[in-house]
Amino acid sequence: MRILLVEDDPLLGDGLRAGLRQRGWQVDWVRDGEAAERELKAEPYAATVLDLGLPRKDGLDVLAALRRAQLTLPVLVLTARDALADRIRGLDLGADDYVAKPVDLDELAARLRALVRRAHGQPQECLQAQDVMLDPAARTVRRGGVAVALSTREFDLLQQLMLSAPRVLSREQLEQRVYGWGQEVESNAIEVHVHHLRRKLGAGLIQTVRGVGYVLAREAPR
Amino acid sequence: MLGLVLGLVTLVWISTALLTWFDTRHELEELLDSHLAQAAAVLVAQQYDADDERHVDAPRLHRYATTVAFQVFHDGGLALHSANAPRTPLVDLGAGGGGFHRVRRNGVAWRVFVTRGRERDITVLVGERLDSRDAILWAVLGSASWPLLLALPLLALGVWWAVRRGVAPLHRLGRQLSQRRPQALEALALDSTDRELLPLLDALNGLFARIDALMGVERRFTADAAHELRTPIAAIRAQAQVALAEGDDELRRHALNATIAGCDRAARLIDQLLTLSRIESSGVLVTAAVDLAALTQRVVGELAPRSIAKAQTIEFDAAAPALITGDETLLAVLLRNLVDNAIRYSPRGARIVVAVRGAGAEVELDIDDSGPGLDEVARQRLGERFFRVGASEESGSGLGWSIVRRIAEAHGLRLEAQSPGKLGGLGVRVRGATPAPAARP
């Protein structure tokens with residue numbers, strides 16, 4: 001999952017980025033409100049971790065601007081301002097979660113997972129399609145109860161397709177959602193990963209819609 | 001208070017009564033004595049006309065006449081006398097003394113006037129009983145005293161009422177104060193009728209306002225400290241957690257170094273908060289003559305290694321000592337913050353020039369760098385607590401400028417940021433405005 005971290009403090013930003021990466025997230029990091037608004041409007045992030053006391057543009061202003069622009073991505077506000085009034089204001093402005101600093105990285109990751117899941121209308125923590133079960137927290141995939149080893153990219157790609165089903169995602173959309181900044185994307189990378197996933201999980205799980213992209217079939221085709 | 005007033009009133013009242021007594025007695029004596037003398041003179045004159053009627057009793061004229069007596073002696077014998085006068089002279093005539101006498105005859109005190117005829121041997125004695133005089137005196141005094149005696153309790157009542165009314169606002173104020181919670185520092189309400197209490201209330205409210213301001217500084221300090229420490233602590237926590245979970249040596253070392261840097265930053269933040277709190281809560285400066293040039297040189301010397309580590313060129317320029325009056329410790333804090341900012345926010349290879357000129361009110365301190373400078377908006381916001389210059393790699397506390405501004409204000413120094421300055425980056429100008437340090441209220 002690709003998220004945008006908005007934090008002006010270099011040490012905290014660095015720590016959060018490293019911690020969330022350890023927990024399987026693709027993290028892009030910006031340090032001011034204007035950059036945050038620009039990036040969030042340009043890229044399809046699964047969620048954003050937003051600090052409030054930001055240079056150039058306050059976090060709450062960024063939040064308000066996002067919601068005005070009809071962007072519905074989950075926003076987790078991470079801030080030192082933890083007065084009740086601040087929290088209420090943040091939630092009223094469209095924040096999906098409000099966490100006071102300091103925060104445990106595992107908790108932060110769990111909250112992000114929950115936000116992303118809910119944003120995709122998934123009530124369960126584990127994603128299920130056919131005989132494949134994906135556990136985002138443990139980052140494990142089982143097929144018919146048997147663990148299947150997937151690379152990071154393969155896992156991210158599968159998770160994205162499972163979350164988005166039954167929507168069809170183009171190759172570009174998948175690239176945008178799976179790769180962070182500065183990561184080399186081979187021109188046929190998505191095709192290669194899909195190929196590997198089909199080999200490991202069965203050919204019927206991911207279907208190609210010619211000229212459009214890929215879609216995950218929740219039920220096995222008859 | 002009330003007892004004192006009543007006692008004083010009683011004392012004044014008794015004094016007035018005594019004065020009236022003595023005054024009345026004196027006036028009465030003069031008046032009656034003059035009547036005695038006049039009566040005697042009339043009697044002497046009569047003796048020349050009524051020469052033949054000897055030993056004739058004078059008629060009793062009036063009931064009051066019993067208190068008055070006269071004797072006329074002619075050639076040594078009693079020629080004429082009033083009914084109540086004895087046959088022997090009231091006053092021993094041998095003494096030969098004319099004028100007034102005080103005598104006692106048969107247990108009765110008399111005031112007697114003696115006079116003699118000029119040509120013949122006539123002696124006239126006119127006497128008046130002293131107890132009659134005293135009776136008049138008592139009557140006069142009595143009639144004068146009744147109103148005073150009546151007035152005394154009325155006066156006491158009035159004084160009691162006035163005093164009670166006068167101190168009532170004090171009682172109300174006392175009640176209001178005793179019912180206050182220690183945190184309540186809003187101004188006391190003033191009744192428009194309690195005008196006498198205005199100075200007291202003003203003084204009290206002034207005190208409350210000052211305490212409130214001081215407590216506000218403390219409260220803000222606590223709140224700010226709690227808030228601003230959250231970010232470095234969050235950073236320390238996140239980095240430590242990353243280090244714990246990291247398998248890669250390089251990345252773990254990076255996270256651990258970042259953890260230590262976070263601790264240093266938290267410590268620095270606490271130092272700066274404390275400094276700011278000290279400046280804000282203590283208006284009094286420890287002032288002495290300070291050579292700003294020497295002090296600046298020392299600070300630049302202290303910080304130069306950091307500048308050199310960034311491959312910057314740092315220069316100090318002062319031709320002569322620059323004496324000003326101020327608090328050396330605080331001025332050093334001001335200088336350290338400004339020079340540190342220049343080093344911190346200028347890129348590698350930049351040039352920094354610190355110059356001191358003049359002295360006293362004309363002192364000039366310039367700190368210029370060839371860094372990126374600051375835009376108008378950022379310059380305006382400098383000195384706002386916790387305002388950090390945007391998107392900078394450096395992790396300042398956002399308190400440096402607040403501290404610098406506070407110290408400058410406390411010393412009556414003007415502070416100004418120019419961008420672009422002399423070297424193209426930020427130029428900070430500190431100018432002496434007042435020769436003497438101005439203590440903050």
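The values are calculated or read from the model by the stated rules, or taken from the named source; none is laboratory data. This structure is a prediction, so every number in the text was calculated from the model and none was measured. Positions of Cβ are backbone-derived with ideal geometry, glycine not excepted, and every protein chain shown enters the neighbour counts. In case anyone asks, the SASA skips ligands and DNA or RNA and just uses the protein heavy atoms, side chains included. Shrake-Rupley method; radii C 1.70, N 1.55, O 1.52, S 1.80 Å.
For the peptide A:16-25, the mean number of other protein chain Cβ atoms found within 10 angstrom of a residue's Cβ is 5. Peptide packing: for B:201-214, B:338-351, B:168-181, A:72-85, the average count of neighbouring Cβ atoms within 10 Å per residue gives the ranking B:338-351, A:72-85, B:201-214, B:168-181, highest mean first. The residues of the range B:169-249 expose, per residue, 62 Å² of accessible area to a 1.4 Å probe. Each label was represented as a point 7 Å from its Cα along the Cα-to-Cβ direction; for B:Val159 and B:Thr10 these points are 0.9 nm apart. For the peptide A:98-108, the mean number of other protein chain Cβ atoms found within 10 angstrom of a residue's Cβ is 4. Compute the long axis of helix B:130-178 from its Cα atoms, compare it with the longest principal axis of the Cα atoms of chain B, and write down the angle in degrees, 0 to 90, nearest 10. Compared with the principal axis, the helix lies near 10 degrees. The distance linking the range B:133-206 with the range B:208-253 is 59 Å (Cα centroid to Cα centroid, whole angstrom).
Most tightly packed first, judged by the mean number of other beta-carbon atoms within 10 Å of their residues, the peptides B:39-47, A:11-19 read A:11-19, B:39-47. Between A:Thr72 and B:Arg431, the C-beta separation translates, for a Förster distance of 51 Å, into a calculated FRET efficiency of about 0.40.
Per-residue mean of foreign Cβ neighbours for B:237-250 is 5 (Cβ atoms of other chains, 10 Å radius). Rank B:Leu36, B:Thr313, B:Gly76 by how far each Cα sits towards the positive end of the charge dipole of chain B (+1 on Lys, Arg Cβ; -1 on Asp, Glu Cβ) and give me just the farthest. Result: B:Thr313, furthest along the dipole toward the positive end.
Calculate the tail of P(r) for chain A: the fraction of all Cα-Cα distances greater than 20 Å, expressed in %.
Considering chain A, 59 percent of its Cα-Cα pairs are separated by more than 20 Å.
With R₀ set to 30 Å, the beta-carbon distance separating B:His35 from B:Leu150 gives a calculated FRET efficiency near 0.35.
Mean residue ellipticity at 222 nm, helices only, the protein assembly as shown: -16500 deg cm²/dmol; runs of at least 4 DSSP H residues each add -39,500 (n - 2.57), and the sum is divided by the number of residues. Computed over chain B, the alpha-carbon pair-distance distribution with 20 angstrom bins reads 17, 24, 14, 11, 11, 13, 9, 1, 0, each value a whole percent. Hey, what did the range B:249-341 get for relative contact order, percent, Cα under 8 Å, at least 6 apart? Value for the range B:249-341: 35 percent.
Once the Cα atoms are used to define both axes, helix B:328-345 deviates from the longest principal axis of chain B by about 30 degrees. On the basis of the beta-carbon distance and an R0 of 45 Å, A:Arg210 and B:Arg253 show a calculated FRET efficiency of 0.35. Straight-line reach from B:Lys310: taking Cα to Cα under 17 Å and skipping same-chain neighbours fewer than 8 places apart, the aspartates and glutamates in range are B:Glu302, B:Asp340, B:Asp368, B:Asp369, B:Glu393, B:Glu394. Seen against the Cα atoms of chain A and their longest principal axis, helix A:10-22 is set at about 20 degrees. Length, then width, then depth: along the principal axes, the Cα atoms of the range A:90-222 run 46, 35, 26 Å. Computed from point charges on the beta carbon alone (+1 for Lys and Arg, -1 for Asp and Glu), the dipole magnitude for the protein assembly as shown about its Cα centre is near 2140 Debye.
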